[in-house]
1. Just the residues that are over 15 Å from the mean Cα position of the chain (by Cα) and among the hydroxyl-bearing types (S, T, Y), please, taken from the stretch 229-258.
2. Can we say A45 is closer than 27 Å to K131 by Cα, of a type in the set (A, V, I, L, M), in contact (Cβ under 8 Å) with a residue 40 or more places away in the chain and crowded, with 22+ Cβ neighbours inside 10 Å?
3. Of the residues that make up the stretch 38-45, is at least one more than 16 Å from ligand 2 (Cβ to nearest atom), outside any helix (DSSP H, G or I), over 20 Å from the mean Cα position of the chain (by Cα) and not acidic (D, E)?
4. Taking only pairs six or more apart or across chains, which ones have beta-carbon atoms under 8 Å, a first residue in the stretch 1-27 that is under 24 Å from G90 (Cβ atoms), and a second residue that is in a loop (DSSP other than H, G, I, E, B) and not small (G, A, S)?
5. Starting from residues that are assigned to a helix (DSSP H, G or I) and not hydrophobic (A, V, I, L, M, F, W, C), keep the ones in the stretch 80-99 and report whichever is nearest to ligand 4 (Cβ to nearest atom).
6. In this structure, does G97 turn out to be of a type outside the set (A, V, I, L, M), in contact with a helix residue (DSSP H, G or I) (Cβ under 8 Å, 6 or more places away or on another chain) and buried (at least 19 other Cβ atoms within 10 Å of the Cβ)?
7. Suppose we filter the stretch 6-37 for residues that are part of a helix (DSSP H, G or I) and modelled with pLDDT under 95; how many remain?
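The values are calculated or read from the model by the stated rules, or taken from the named source; none is laboratory data. These numbers were taken from a predicted model, which means no experiment stands behind them. FYI the Cβ positions are ideal-geometry reconstructions off the backbone, even for glycines, and counts take in every protein chain you see.
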Amino acid sequence: MIRSPLMTVMTDAVMKASRSLKRDFGEIENLQVLAKGPGDFVSKADTKAEEIIRAALEKARPGYGFVMEESGVVQGTDESNRWHIDPLDGTHNFLRGIPHWNISVALERDNQFIAGVVYDAAKDELFIAEKGKGAYVNNRRMRVSGRREPAEMLIGMGVPHIGKGGHPLFLHELGAVMTRFANVRRMGSAALDIAYVAAGRMDAYWERGLNTWDFAAGAVMIREAGGTFGTLDGKQPTSAKDIICGNEVGEQSLRAALKSAG
Ligand code: IPD
Ligand code: CA
Ligand code: CA
Ligand code: CA
């Protein structure tokens, strides 16, 4: 697999940030943890990693815009290209010493996500995808799973944190999913959930209220791995959305289950 110049820029930036995050992992007492709201944490590790990625991308591709979880939107002089950055996806896992978190970077060009990188630094798994060039995990081609029977499918999901107020709809949806599919996983990192669907490790995934930095890289991966990626309202997302993806049968079966609950 030959890495394109764009992919090299993205992976170099992500690797640089991963070195900072690996140093910070397990050092919670030095990370100045703040709550943005109930159950929603941020730390010095997140902001430091974001600064590193932004500086690296700015240097390599001056003028591109940014959509960043911690620093917000920065308009670029180049109106076609902007980066979507989640410097630490799975902050709650990270802060609790759970080795399941990642750095996620995607490029949006002319209103389409065209390239994505998700790096699980604790397990040294690099998931990459570029439009028309395939999706890979550590240089192995990714394909979504071939499972067609819902009763055999493993479904990924996100659980709304306490600040999102209990979410009665989510509980109904979970009930519908649990009675139709083999089992569910809540692993705590949306970008990795989506990358795992692309890798065939789970068959479908849904989560409400994701931001572009959580899902943009994964959207490229799912499509390049032969799956389907969309929103619960059926539109193609370039802003925050309720996300659903999977192998085609998994996505459709999950969509039907969620609809029966709503
Ligand atoms: C969160 C994680 C979590 C998901 C939340 C995200 P963060 O991202 O991906 O799994 O359920 O919706 O906000 O805040 O750790 O980057
Ligand atoms: Ca966060
Ligand atoms: Ca995130
Ligand atoms: Ca984050």
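1. Restricting attention to the stretch 229-258, the residues satisfying the condition of being over 15 Å from the mean Cα position of the chain (by Cα) are 232-236, 247-258.
S253, the sole residue that qualifies.
2. On the way: closer than 27 Å to K131 by Cα: no; of a type in the set (A, V, I, L, M): yes; in contact (Cβ under 8 Å) with a residue 40 or more places away in the chain: yes; crowded, with 22+ Cβ neighbours inside 10 Å: yes.
When the stated conditions are applied, A45 does not pass them.
3. No - not one qualifying residue is present in the stretch 38-45.
4. Within 8 Å, the pairs are V9/R61; T11/R3; L21/W101; D24/L31; F25/P99.
5. If we filter the stretch 80-99 for residues that are assigned to a helix (DSSP H, G or I), which is where we start, we get 91-95.
After this cut, where a residue has to be not hydrophobic (A, V, I, L, M, F, W, C) as well, the list is 91-93.
Working: T91: 5, H92: 10, N93: 11 Å.
Result: T91.
6. Values: of a type outside the set (A, V, I, L, M): yes; in contact with a helix residue (DSSP H, G or I) (Cβ under 8 Å, 6 or more places away or on another chain): yes; buried (at least 19 other Cβ atoms within 10 Å of the Cβ): no.
Spelling it out, it is not the case that G97 is of a type outside the set (A, V, I, L, M), in contact with a helix residue (DSSP H, G or I) (Cβ under 8 Å, 6 or more places away or on another chain) and buried (at least 19 other Cβ atoms within 10 Å of the Cβ).
7. Keep residues of the stretch 6-37 that are part of a helix (DSSP H, G or I), which gives 6-24, 28-30.
Adding the requirement that they be modelled with pLDDT under 95 leaves 28-30.
The total comes to 3.
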